[in-house]
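Peer 1: Take a look at the following structure, please.
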Amino acid sequence: MTGAIFGDIEGSVYEFRNTDNYNFEYYDKNSHITDDSVCTLAVADSILHGTPAEEALTAFCKRLPGESYGGRFAMWLSSKNKQPYNSCGNGAAMRVSPVGWAATSESECKEMSEYVTAVTHNHPEGLKGAEAVSMAIFRLKGAKEEGEKNAIIDEIMREYYPKVTDEFVERLRGVFDETCQTAVPMAMYLMRKSTSFEDAVRLTVSFGGDCDTTGAIAGSMAEAFYGISEQERQFAMSKIPFAEWRELVNDFEKKYGKRTS
């Protein structure tokens, strides 16, 4: 889960002013968490404490307003009678990483992913994007060899995005597209090319587009395979503004595990 938060933070300063510089400043003092991390923490709270997903998302996001919440999601937050709004936005995939860690079977992973996603993103592509990322994390967290990473990502792509090609992804370089059907295969493509957690984050952020969100998606999968260093984890924790939220991360990882490098 902290991999998603770290990827979000690293991409935050470049979301609206993209960089193609792979060697951008790591641990940028101006970086910060965005809606991606807030929603990820809300999903973790829902899973850990049994808080209804709708309630958790509302509470966490209202506690930290103004973090670039999407227009339709912001309307959902303020609505008294909350209903899913058929979204296929990449918000479904950026917040779902806690599912991959908490699930104990693939069937549970799929069920849990649908539960935390369908309260807002009940479009088939939104549900698919969240499930694909959840399943990737679930499978990657048990892998050890580099070839296993590639085989797992290839398998997930065949299952969920069989028509996506390398050429399709390359055409997305620098393109700001907020849908799951582009963000998820892009993040998976870059994760597959990576050789380390840092490399996955750098490749994704410097790819451009909605890079805090794709950074969160790629970072969540990269943590599951490579692990996250203590320095990277502590940097992510330092950007979480509330002690209770930092405690939530610690409690979640204590119960469901984490991967360190």
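Peer 1: Is it fair to say Pro162 is open to solvent by 10 Å² or more (accessible area, probe 1.4 Å) and either free of Cβ contacts under 8 Å to residues at least 12 places away in the same chain or among the β-branched types (Val, Ile, Thr) (or both)?
Peer 2: Yes: the conditions hold for Pro162.
Peer 1: Give the residues of the range 193-216 that are part of a loop (DSSP other than H, G, I, E, B), open to solvent by less than 10 Å² (accessible area, probe 1.4 Å) and either touching a His at 6+ places or on another chain (Cβ under 8 Å) or of a type outside the set (Asp, Glu) (or both), sorted by residue number.
Peer 2: Ser194, Phe207, Gly208, Gly209 - these are the residues of the range 193-216 that are part of a loop (DSSP other than H, G, I, E, B), open to solvent by less than 10 Å² (accessible area, probe 1.4 Å) and either touching a His at 6+ places or on another chain (Cβ under 8 Å) or of a type outside the set (Asp, Glu) (or both).
Peer 1: I need a count of the residues in the range 122-152 that are charged (D, E, K, R) and open to solvent by less than 50 Å² (accessible area, probe 1.4 Å).
Peer 2: Result for the range 122-152: 4.
Peer 1: Just give me the residues in the range 53-69 being more than 13 Å from Ile240 (Cα to Cα), out of contact with any Asp or Glu (no Cβ under 7 Å at 6 or more places or on another chain), open to solvent by 10 Å² or more (accessible area, probe 1.4 Å) and in contact (Cβ under 8 Å) with a residue 12 or more places away in the chain, in sequence order.
Peer 2: The answer is Glu54, Thr58, Ala59, Lys62.
Peer 1: Of Tyr226, Tyr189, which residue is within 26 Å of Ser68 (Cα to Cα) and either hydroxyl-bearing (Ser, Thr, Tyr) or in contact with a Pro (Cβ under 9 Å, 6 or more places away or on another chain) (or both)?
Peer 2: Tyr189
Peer 1: Looking at the structure I just gave you, is Ser68 over 23 Å from Gly3 (Cα atoms) and more than 15 Å from the chain's Cα centre (by Cα)?
Peer 2: no
Peer 1: OK, next. Working carefully through the options Val43, Val99, Val119, find the one that is within 25 Å of Tyr160 (Cα to Cα), open to solvent by 20 Å² or more (accessible area, probe 1.4 Å) and aliphatic (A, V, I, L, M).
Peer 2: Val119
The values are calculated or read from the model by the stated rules, or taken from the named source; none is laboratory data. Predicted model, so just to flag it, every value in this text is computed and none were measured. We place every Cβ from the backbone using ideal geometry, glycine too, and count neighbours over all the protein chains shown. Side chains are part of the model used for accessible areas, which takes the heavy atoms of the whole protein and leaves out ligands, DNA and RNA. Shrake-Rupley method; radii C 1.70, N 1.55, O 1.52, S 1.80 Å.
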